[in-house]
């Protein structure tokens, strides 16, 4: 049975007059990979920073491993994170950096350093110092540091930034493996939707600091199937006609005012006839096969 | 907290800047001791010796403390180690306390060249004087000519050098708070901190000269003449007072730092 790892309730964050997060409420359950999707500046990093205690919300509450208030400080030792860029001492080698973080977290097992370097593909870096690492190598080392404490919740902010295509695949497989084999819960942010689609089990769509939708992979796949997109000045009447005349409620009114009908995708003429007969004026009518990108764009209310 | 301190010392052990700083302080301590000796023997005039005053512990320890604060705290903000420290410990107060302990220990280590020079000079009894005032270490050197060598006296001087290490940490402790405020700009911390340290050092003696009330007030700060004038004739009560004031200042600034850091955004 899945346990709730993290629950945020109406988290709000303002910088001056700029509202960065608005009433963000999210629930993460154990053993799942959550993809936090949003455009640049949507509030992904800010949200992650609230969870990690790097920034304090103006209002709202965070519950971490069932604890609230000041008690969550201690629970944060069960988190691993990589926010934007990793915390590295540049004049140290990869192993020395891991050693430093191992001391900091009081981990006795010295073998874990080599194991993690092997896991992230940095076992052969030897005496090369972190300052001489490529961006991708630094990201890999950052992921290794995030995994050092064998955390129950791993928070990764754009972890594939700077990685080459092979590195992207390796990290994706690593994330899946951590979830499957160790039961870790992973919150991973990205604006690379196809990439997230290949590893996430759940999606949290954020835009302008608001959570637009939290959806499972199954639900997303269901929603990304073909549908009829109908545009009309009177959406209310359209919905009423679909329900009363075609007997379907398998449609969704989108934030932009259009309607997506998931039934009758092979009977377009029948739909147009019924709409015409019932006086529903349509300004747009098309068969769509929604991609993840389209779904995201619809969810955030942008055309 | 102990893990944070251990991690800091691992990082310090691998860093060149602290080693270079220690070597510079050692060179300054040796130079100061030699100047004290040569002025005493008449091989160097007081005027010439005055130019070497910049190498004395009073100036150099202020500078070293500011550099240490800048590197120890701003460095962690710069390379984002502070994020790991926060998520790996029991909160911000623990981080501040851990850093403060590391800071005091580091400043104490940095005073070692002066302390050792003074103790070795005292044991050698080669003739020393005090070419410039307000240095406990020079006073110990000078007392090698006036106080007969004994184990008790030696132990007392060792205790005095340890107290003075704490004294320097408390005098410059505001730089620690400044570093948490400024975050990742170590150069600013070092520059402003050093100027402020020199300013406080100078004005404290000026203020103390205004009236008896002002003198009493200053005597309850780490800039008290009691701290600078410790020697073989210093009473235990005075030493305890110096230690108490230093610890009180350190505790107060630890709490002030926590208050400033409690809700700080960590980039």
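Data for the structure
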{"item": "Extreme residue, surrounded by the most Cβ atoms within 10 Å (Cβ to Cβ), among residues of segment A:43-75 that are at pLDDT 85 or above and at the interface with chain B (Cβ under 9 Å from one of its Cβ atoms)", "result": "A:49"}
{"item": "Complete set of residues in segment B:71-91 that are within 8 Å of chain A (Cβ to nearest Cβ), in a helix (DSSP H, G or I) and farther than 14 Å from residue B:7 by Cα", "result": "B:87"}
{"item": "Yes/no for residue A:100 being touching a residue at least 40 places away in the same chain (Cβ under 8 Å) and touching a helix residue (DSSP H, G or I) at 6+ places or on another chain (Cβ under 6 Å)", "result": "no"}
{"item": "Which numbered condition residue B:221 fails, given (1) under 16 Å from the mean Cα position of the chain (by Cα); (2) within 16 Å of residue B:161 (Cα to Cα)", "result": "(2)"}
{"item": "Residue in segment A:176-185 that is surrounded by fewer than 22 Cβ atoms within 10 Å (Cβ to Cβ) and in contact with a strand residue (DSSP E or B) (Cβ under 6 Å, 6 or more places away or on another chain) present", "result": "yes"}
{"item": "Any helices (runs of 4 or more DSSP H) falling wholly within segment A:94-168 and containing at least 2 residues that are within 14 Å of another protein chain (Cβ to nearest Cβ) and within 29 Å of the chain's Cα centre (by Cα)", "result": "A:94-104, A:135-147"}
{"item": "Residue B:196 being out of contact with any helix residue (DSSP H, G or I) (no Cβ under 6 Å at 6 or more places or on another chain), surrounded by fewer than 22 Cβ atoms within 10 Å (Cβ to Cβ) and part of a helix (DSSP H, G or I)", "result": "yes"}
{"item": "Tally, over segment A:77-93, of residues that are at the interface with chain B (Cβ under 7 Å from one of its Cβ atoms), closer than 22 Å to residue A:183 by Cα and modelled with pLDDT of 85 or more", "result": "3"}
{"item": "Cross-chain or 6+ apart pairs with Cβ under 8 Å, segment A:1-22 first and on the phi > 0 side of the Ramachandran plot, then crowded, with 16+ Cβ neighbours inside 10 Å", "result": "A:10/A:24; A:10/A:60"}
{"item": "Elements of type helices (runs of 4 or more DSSP H) contained in segment B:1-57, each with 3 or more residues being surrounded by fewer than 20 Cβ atoms within 10 Å (Cβ to Cβ) and more than 14 Å from chain A (Cβ to nearest Cβ)", "result": "B:16-41, B:46-51"}
{"item": "Single match in A:126, A:142, A:121 (criterion: farther than 24 Å from residue B:78 by Cβ, in the same structural domain as residue A:175 (by TED's automatic domain parsing) and touching a strand residue (DSSP E or B) at 6+ places or on another chain (Cβ under 8 Å))", "result": "A:126"}
{"item": "Options B:167, B:201: the member that is closer than 18 Å to residue B:55 by Cα and assigned to a helix (DSSP H, G or I)", "result": "B:201"}
{"item": "Residues within segment A:76-88 that are out of contact with any strand residue (DSSP E or B) (no Cβ under 6 Å at 6 or more places or on another chain) and surrounded by fewer than 21 Cβ atoms within 10 Å (Cβ to Cβ), tallied", "result": "3"}
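The values are calculated or read from the model by the stated rules, or taken from the named source; none is laboratory data. All values derive from a computational prediction rather than experimental measurement. We place every Cβ from the backbone using ideal geometry, glycine too, and count neighbours over all the protein chains shown.
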